[in-house]
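**Student:** Structure provided below as structure tokens; questions to follow.
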Amino acid sequence: MRPSLVNLGGYLWKSAPRLSPPQKSRLRSRMRLVDNNIESIFEGLVQAKPTSGTINTSYMLNSKVVVGNKVSSPKIEGSKESNGNEELTGYKKIDYLKYQFPKENEMLPKDKYTTFDKKAKNYRKLVFKVPKWTKKSFRENPIYH
């Protein structure tokens with residue numbers, strides 16, 4: 001009978017110190033897939049929207065004012081450019097994902113591969129240290145005021 005790794009003094013739950021290049025590639029491809037899915041859901045809802053009448057959507061999406069079914073955006077440095085003619089679906093979450101959720105190609109590597117962790121030394125934690133990290137989105141960080 002062979003002793004277990006723990007009995008030999010080894011650490012059983014070993015993990016790599018960083019993401020490998022294939023892991024990073026798969027992460028980026030998953031993020032692009034999510035971006036494509038958001039785009040296709042949005043396009044399908046915009047096409048399926050009834051043309052008669054307007055949807056009553058008067059809510060605000062992070063400095064983008066939504067009135068009727070058009071988005072108007074004030075000029076803010078560092079914000080995404082908006083031409084003010086974007087269509088809305090009437091579903092707040094889908095509209096939010098389309099216009100405010102960061103795309104994979106707009107994100108910094110720091111934001112792609114790490115996430116916020118209040119217990120970590122630099123308040124950042126490698127994404128693959130989070131349980132079920134392949135099924136979660138780590139694109140949004142806490143907003144500091």
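**Student:** Can you tell which of 31, 60 is modelled with pLDDT of 90 or more and either under 28 Å from residue 15 (Cβ atoms) or hydrophobic (A, V, I, L, M, F, W, C) (or both)? Don't jump to the end; show me each part of the working.
**Tutor:** On the way: 60 fails: modelled with pLDDT of 90 or more.
None of the other options fit; the residue is 31.
**Student:** While we're on this one: Suppose we filter the stretch 108-145 for residues that are out of contact with any helix residue (DSSP H, G or I) (no Cβ under 8 Å at 6 or more places or on another chain) and in a loop (DSSP other than H, G, I, E, B); how many remain?
**Tutor:** Step one: list which residues in the stretch 108-145 are out of contact with any helix residue (DSSP H, G or I) (no Cβ under 8 Å at 6 or more places or on another chain), which gives 108-111, 116-123, 125, 129-132, 135-136, 140, 142-145.
After this cut, where a residue has to be in a loop (DSSP other than H, G, I, E, B) as well, the list is 108, 117-123, 130-132, 135-136, 140, 142-145.
Of the residues in that region, 18 qualify.
**Student:** Of all the residues that make up the stretch 84-117, how many are of a type in the set (D, E, K, R) and under 21 Å from residue 15 (Cα atoms)? Walk me through how you get there before you give the answer.
**Tutor:** Going through the stretch 84-117, the residues of a type in the set (D, E, K, R) turn out to be 86-87, 92-93, 95, 98, 103-104, 106, 110-112, 117.
Restricting the remaining residues to those that are under 21 Å from residue 15 (Cα atoms) gives 110-112, 117.
Residues that pass the stated criteria total 4.
**Student:** Sticking with this one: I need the full set of residues from the stretch 35-45 which are in contact (Cβ under 8 Å) with a residue 40 or more places away in the chain and either within 14 Å of residue 99 (Cα to Cα) or not hydrophobic (A, V, I, L, M, F, W, C) (or both), in order please. Even if it seems obvious, please write down each step before you answer.
**Tutor:** If we filter the stretch 35-45 for residues that are in contact (Cβ under 8 Å) with a residue 40 or more places away in the chain, which is where we start, we get 35, 38-39, 41-42, 45.
Scanning the stretch 35-45 gives 35, 38, 39, 41, 42.
**Student:** Given the conditions (1) at pLDDT 65 or above; (2) more than 18 Å from residue 138 (Cα to Cα), which single one is not true for residue 24?
**Tutor:** (2)
**Student:** Here is a further query. Among the residues of the stretch 92-135, what is the count of those that are closer than 24 Å to residue 41 by Cα and in contact with a strand residue (DSSP E or B) (Cβ under 9 Å, 6 or more places away or on another chain)?
**Tutor:** Here is the first cut: in the stretch 92-135, the residues closer than 24 Å to residue 41 by Cα are 92-107, 112, 133-135.
From what is left, the residues that are in contact with a strand residue (DSSP E or B) (Cβ under 9 Å, 6 or more places away or on another chain) are 92, 95-96, 99-100, 133.
Here the count works out to 6.
The values are calculated or read from the model by the stated rules, or taken from the named source; none is laboratory data. Because the structure is a prediction, the values reported are computed rather than measured. Here the Cβ is made from the backbone with ideal geometry for all residues, glycine too, and neighbour counts use every protein chain on show.
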